[in-house]
Amino acid sequence: MLNKTQEEIISKWKSKDTEHPLVSIKCLAYNHEKYIAQTLDGFLSQETDFPFEVIVNDDASTDKTADVIREYEKKFPLIVKPLYQAENLYSKRDESLDRAVDVHLKGKYVAICEGDDYWTIPNKLQTQ
């Protein structure tokens, strides 16, 4: 887990308004226990002067993906805003997954990164 506090991340933002982020990071995860910590660390390592949120959706994983996400939710509650599905929505193939997640995105802009991928450049969001 990232060795940085929520306060350290937010302190660099010009606006401290976590209810109205400029960017929402949309992350879909299913059985990504081995990868999700690195994914979330990549998001939380972003050096921005604007607020962002991480909407991470656990799509009813059968491994410990949700447990890992809960650890981040506890440490970064103003930034990491998880959704936990009771049933796998992706398998329905009816766009219910996107509808279930997209309604929670508050940012003017949306950045997408799957739960088994990660960002290595800390200024990715600021640059884009």
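The values are calculated or read from the model by the stated rules, or taken from the named source; none is laboratory data. None of these values were measured; they are calculated from a predicted model. Every residue, glycine among them, receives a Cβ derived from its backbone with ideal geometry; neighbour counts consider all protein chains shown. When the accessible area is computed, the model is the full protein with side chains, heavy atoms only, and any ligands, DNA or RNA have been set aside. Shrake-Rupley method; radii C 1.70, N 1.55, O 1.52, S 1.80 Å.
Structure above, values below:
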quantity	calculated
Zone residues, region 7-34, relative to LYS108, backbone N less than 17 Å from point 7 Å out along Cα-to-Cβ	13-25
Ordering of 95-107, 77-89 by packing [mean C-beta count within 10 Å, highest first]	77-89, 95-107
Dipole of the chain [Lys/Arg +1, Asp/Glu -1 at C-beta], most positive-end residue of GLN46, ILE112, LEU97	GLN46
Relative contact order of the chain, pairs being alpha-carbon contacts under 8 Å that are 6 or more residues apart, as %	38
Only Lys, Arg (+1) and Asp, Glu (-1) charged, at Cβ; the chain dipole about Cα centre in debye	340
Per-pair calculated FRET efficiency, R0 = 25 Å: ASP94 and TRP13 via Cβ, rounded to 0.05	0.10
Region 1-98 - Rg over Rh from alpha carbon coordinates, Kirkwood radius	0.99
Accessible area per residue in Å² at 1.4 Å probe, computed on the chain	56
Calculated SAXS-style log₁₀ I(q)/I(0) at q = 0.27 Å⁻¹ - region 61-128, Debye, Cα scatterers	-1.45
Point-charge dipole on Cβ atoms (K/R +1, D/E -1) for region 54-128, about Cα centre, debye to 20	440
Accessible surface of the chain [probe 1.4 Å, protein heavy atoms]: carbon and sulfur percent	50
